[in-house]
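The values are calculated or read from the model by the stated rules, or taken from the named source; none is laboratory data. Because the structure is predicted, anything quoted here is derived from the model rather than measured. Ideal geometry is used to build each Cβ from the backbone, glycine not excepted, and the neighbour counts take in all protein chains shown.
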Amino acid sequence: MAKTIYRPPVQSKLGQLIDSLFLLVLVLASLFVPVYFGLAGGGKTTLENTAKTWEGLGQNATMQAQWEKLGYTPETAHELIVSRFDYSFSVPALAITAFVVIAYFVFVFRWSKKEYKDVISERFDR
């Protein structure tokens with residue numbers, strides 16, 4: 001029986017470039033589409049505080065000293081201190097995201113299994 005060597009198909013340089021650019025576009029789209037549609041980032045909330053003094057901002061003497069080392073005054077640090085990130089999330093959105101990620105991996109594993117079986121049968125089945 002003659003031993004044959006499996007040689008996978010060769011992709012051209014142009015094909016590799018197109019594949020790489022396509023994957024780059026997909027990655028960028030997956031990062032920016034949720035932000036564009038407002039699905040990512042809860043935004044910021046601002047505390048209701050009009051006092052622009054260190055005491056009014058809830059800063060003790062140690063905190064005040066550190067702010068001043070950074071070059072801030074109560075007026076310039078006010079906006080930084082009173083704005084907070086909103087860490088709330090939606091349980092249905094979390095469930096949908098988990099479902100999509102799990103479904104994607106199930107699809108990838110099943111497709112890979114099919115492709116792997118095709119390569120093995122092409123190589124070893126007579």
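Couple of notes before you dig in:
- Residue match in region 59-78 (condition: outside the structural domain of T97 (by TED's automatic domain parsing), in contact (Cβ under 8 Å) with a residue 24 or more places away in the chain and in contact with a helix residue (DSSP H, G or I) (Cβ under 8 Å, 6 or more places away or on another chain)): no
- Unique residue being free of Cβ contacts under 8 Å to residues at least 12 places away in the same chain, over 30 Å from S121 (Cβ atoms) and not assigned by TED's automatic domain parsing to the domain that holds I96 when the list is L23, L39, L28: L28
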